[in-house]
Amino acid sequence: MRPLEILTIILLTGSLTALLTHKQRKTYLYLLFATIVAMLIQHFYEGNRWQFAFAIYLLPASYVCHRFQENIINSITKFILIVWLGLAIIVPWAIPVFNLPNPGGQFDVGTNTFHWVDSSRLEWFTNEDQSDVRQLMVQIWYPAEKQNNNKPEPYLDFIDLRAKTLANAGNIPEFFPSHLNYISTNSYTGLPSINNDNLLPILIFSHGITGSRHLHQVMYEHLASRGYVVIAPDHSYDANITIFPNLDYADYRSDITGHPDSVNIRSMQMNTRAKDIIFIIDQVQKLFSGEIKSTLNGKINLDKIAIGGHSYGGATATLTSDLDNRIKACFVLDSWLSPIPNQTIKNGIHIPFLFMGRPTWEESDYPGNYPILDSLMTNSSDPKYRLIIKESQHLDFSDIPLFSPIIHYVMDVGTLPAKQSTTLLNNLVYEFLEKYLMNSSDLLFNDILKNNLIYKIN
């Protein structure tokens, strides 16, 4: 919970204790007044959210009990008030306004979002419009000069639209994810990029199906604060929602469960994603030349391009690594490999390759995922790494574990504490890129591989 929420809950607990233990009337009223003041201050400075409604409505309920104490306060009333207080504490704790970890690098993190249109490709997801071309929303995080008095970017933009689609995806009420509007990042729009003698290396990251460019921001900020330019698209119609500048949006159209032509559809989908990444690399070249105006003009290293991805995005990264020789290193996070063309599995990956994943896929919808990985690794050349993260599940390789301390009970999240899993993931990715993209010392990467949460398969 946020600091003022905690203060309010403490005062509320004190006032209710005074009421139920029959303390002096003044004690209860003083604490009630202090609770109201704290709640008003909290509402003004932190913003109100539905999870705090139990605390808000407990105030008038307790006052009614105070006014008619002799008549209505009995064992049943006490039980109800205590349960109510428990909900007032547990609900905002279980569904918090969480903080993104401090990136910890030497630089501030700047960010900009671009609307890029690939007029050479028709959009096959929109057969109803034969003239529709492929368009993407692409966000870039980069190392920036330190600035003061800047307001950080929210974790999610266009929260009203996103809350609706997130609710539909999770079969929950639309108001449920609205509190995400209060979550801030450590990134700032429009900051000037750093000026130094070295060009900045690039990472392009691809999200999973129903995912979003926003769901790996802890990793993006970690890398950007250490000198990397991180580029992440929303793959239109694969993402949960892609919102364009004119507020038109691409909804999620990738659910093909039970479709008789699902294999061919996934093949088309994978090719579309790979072409998205290739198109982005072409746009990055325009960023360097100045054809696309940006604070990064002339500052990025076109010879130091890596790619990464989670789940279906990991398959995207693997395929694109086979198709585009401008990519110099690849890592994938619990990648779903079944959609990768057989030819790519047979070809293998012949740049530095890192796979990080959960212990098993046998209980998933794709139990044959790791046998495919076995074939890919056999056909790939060194350096290659297959790392199993103990106690992890599919969504541990994203920001999702930060969303709730009890999220592993309701989603595909393991039992690792969120801070521990994100720190391990960030360090592995950074040191892998430092060793194989930047050709730095391998000592730190080798040390991380000794972590007792990592099981290495050669």
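At-a-glance table
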quantity: Boolean, P401 is over 28 Å from N102 (Cβ atoms), of a type outside the set (D, E, K, R) and without any contact (Cβ under 8 Å) to a residue 24 or more places away in the chain; calculated: no
quantity: Residue list for region 286-308, filter: touching a strand residue (DSSP E or B) at 6+ places or on another chain (Cβ under 6 Å) and either without any contact (Cβ under 8 Å) to a residue 60 or more places away in the chain or on the phi > 0 side of the Ramachandran plot (or both); calculated: F288
quantity: Subset of region 1-28 that is outside any helix (DSSP H, G or I) and in contact (Cβ under 8 Å) with a residue 60 or more places away in the chain - its residue that is farthest from A94 (Cα to Cα); calculated: R2
quantity: Whichever residue in region 161-186 is part of a loop (DSSP other than H, G, I, E, B) and in contact (Cβ under 8 Å) with a residue 24 or more places away in the chain and, among such residues, is farthest from S404 (Cα to Cα); calculated: N186
quantity: Enumeration of residues in region 263-314 that are polar (S, T, N, Q) and farther than 24 Å from D396 by Cα; calculated: N264, S267, Q269, N271, T272, Q283, Q285, S289, S294, T295, N297, N301
quantity: Qualifying residue in region 223-230 (condition: modelled with pLDDT of 95 or more, part of a helix (DSSP H, G or I) and farther than 17 Å from T126 by Cα); calculated: yes
quantity: Answer from A38, A61, A34 - the residue that is farther than 21 Å from S178 by Cα and touching a Ser or Thr at 6+ places or on another chain (Cβ under 7 Å); calculated: A38
quantity: Filter result (over 18 Å from I388 (Cβ atoms) and free of Cβ contacts under 8 Å to residues at least 60 places away in the same chain) within region 418-434; calculated: A418, E434
quantity: Residue match in region 353-369 (condition: in the same structural domain as R266 (by TED's automatic domain parsing), among the β-branched types (V, I, T) and buried (at least 19 other Cβ atoms within 10 Å of the Cβ)); calculated: no
quantity: Helices (runs of 4 or more DSSP H) lying entirely in region 29-94 (those with 1 or more residues that are within 15 Å of R2 (Cα to Cα) and in contact with a Phe, Trp or Tyr (Cβ under 7 Å, 6 or more places away or on another chain)); calculated: 75-94
quantity: Checking S236 against (1) among the polar types (S, T, N, Q); (2) within 16 Å of H115 (Cα to Cα); (3) not in a loop (DSSP other than H, G, I, E, B), the condition it does not meet; calculated: (3)
quantity: Exclusive hit being under 30 Å from Q217 (Cβ atoms) and out of contact with any Leu (no Cβ under 8 Å at 6 or more places or on another chain), set H22, H43; calculated: H43
quantity: Near pairs, Cβ below 6 angstrom, 6+ apart or cross-chain, from region 138-158 (within 15 Å of S225 (Cα to Cα) and at pLDDT 95 or above) to any residue that is assigned to a strand (DSSP E or B) and of a type in the set (V, I, T); calculated: I140/I231; W141/V109; W141/T111; W141/V230; Y142/V229
quantity: Residue match in region 174-192 (condition: surrounded by fewer than 13 Cβ atoms within 10 Å (Cβ to Cβ), more than 16 Å from S236 (Cα to Cα), touching a helix residue (DSSP H, G or I) at 6+ places or on another chain (Cβ under 6 Å) and not hydroxyl-bearing (S, T, Y)); calculated: yes
quantity: K419 being under 15 Å from H216 (Cα atoms) and surrounded by fewer than 20 Cβ atoms within 10 Å (Cβ to Cβ); calculated: yes
quantity: Count - residues of region 194-207 that are surrounded by fewer than 21 Cβ atoms within 10 Å (Cβ to Cβ) and either assigned to a strand (DSSP E or B) or modelled with pLDDT of 85 or more (or both); calculated: 5
quantity: Selection count, region 267-322, where residues are under 16 Å from S335 (Cβ atoms) and not aromatic (F, W, Y); calculated: 21
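The values are calculated or read from the model by the stated rules, or taken from the named source; none is laboratory data. Note that the structure is a prediction, hence the values are computed from the model and not measured. Note: ideal-geometry Cβ built from the backbone for every residue, glycine included; neighbour counts use all protein chains shown.
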